[in-house]
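Let me begin by presenting the structure, written as structure tokens, before commenting on it.
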Amino acid sequence: MIDFLQQVPLFYKLNDKQLGYIADICTKKQFKAGTILFREKEPGSVFYIVHSGSVKLYMSNQSGDEKILAIFKSGDSFGELSLIDGKPRSASAQALEDSVMIALSANNFLELLKWNFEITLCIMQELAQRLRDTNQHVHDLTFLDARSRVVKNLILLANKHGSRQGHTIQVKLALNFDEISRMAGVQKNVLMQVMRDLEDRGVISVAMNEFTLHLDKLRSGS
């Protein structure tokens, strides 16, 4: 557990003793693909760190339409907001694939923040970044056309979750086209049209649960 915690950005400033304390108060939990970890408007009682697999954070309306807010993979943490302000969950979380989570109860999480300023600061920075991301998303929905939003979201996914080799970035994600269209804020048919065009131009190549972004083609606009 300590070896993994050392790789988590939230804990990178902590020494072995502090990491050992965190390891003692954490538990590992396994979730099958499709499992709901928590739902929007439920009371919050657990803070999660992704050990393996992936999770989507999303909101939904009364019609069941979803808006994906973020994708979390190994080392990413989530679920802290309702533990901090005591209000219900602001979004839902679902495992995209078979996943293992490091779970920390609300009481232990708050005690950790109380006695470790480095972790508190990292949490504050993470929340600030998510607010900036939200502001940027509102800007994109207001000022970018559908095609630009699709391309930008593919690039963001590649930057955050991709593995780069030379001029290509391979992205392995358990997302389907419906979910990607929701992330970009476009209709699925629009997404498919843009994806087909990008494939025809050699900008991307798509396979099951992955896509490859060809940076040289993207930059040249060919």
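Brief remarks follow.
- Within the set 146, 128, 158, the sole residue that is of a type in the set (Gly, Ala, Ser), touching a residue at least 40 places away in the same chain (Cβ under 8 Å) and either out of contact with any Leu (no Cβ under 8 Å at 6 or more places or on another chain) or open to solvent by 50 Å² or more (accessible area, probe 1.4 Å) (or both) turns out to be 146.
- Counted residues, the range 198-217 - those being without any contact (Cβ under 8 Å) to a residue 40 or more places away in the chain and either at negative phi or open to solvent by 60 Å² or more (accessible area, probe 1.4 Å) (or both): 10
- Filtering the range 88-102 to residues that are over 15 Å from residue 34 (Cβ atoms) and part of a loop (DSSP other than H, G, I, E, B) leaves 88, 89, 90, 91.
- Condition met for residue 22 (open to solvent by 60 Å² or more (accessible area, probe 1.4 Å), closer than 17 Å to residue 111 by Cβ, at pLDDT 90 or above and assigned by the TED database to the domain that holds residue 130): no
- Number of the condition not met by residue 92 [criteria: (1) open to solvent by less than 10 Å² (accessible area, probe 1.4 Å); (2) polar (S, T, N, Q); (3) without any contact (Cβ under 8 Å) to a residue 40 or more places away in the chain]: (3)
- Residue in the range 172-193 that is outside the structural domain of residue 54 (by the TED database), open to solvent by less than 30 Å² (accessible area, probe 1.4 Å), part of a strand (DSSP E or B) and not acidic (Asp, Glu) present: no
- Test: residue in the range 44-59 that is charged (D, E, K, R) and closer than 15 Å to residue 103 by Cβ: no
- One residue stands out in the range 32-45 among those that are crowded, with 20+ Cβ neighbours inside 10 Å and in contact with a Ser or Thr (Cβ under 7 Å, 6 or more places away or on another chain): the one that is farthest from residue 180 (Cα to Cα), namely 44.
The values are calculated or read from the model by the stated rules, or taken from the named source; none is laboratory data. Note that the coordinates shown come from a computational prediction; the quantities given were computed from them, not determined experimentally. Heads up, the Cβs are rebuilt from the backbone with ideal geometry, glycines too, and the neighbour counts pull from every protein chain shown. These area figures cover heavy atoms from the full protein model, side chains too; ligands, DNA and RNA do not enter into them. Shrake-Rupley method; radii C 1.70, N 1.55, O 1.52, S 1.80 Å.
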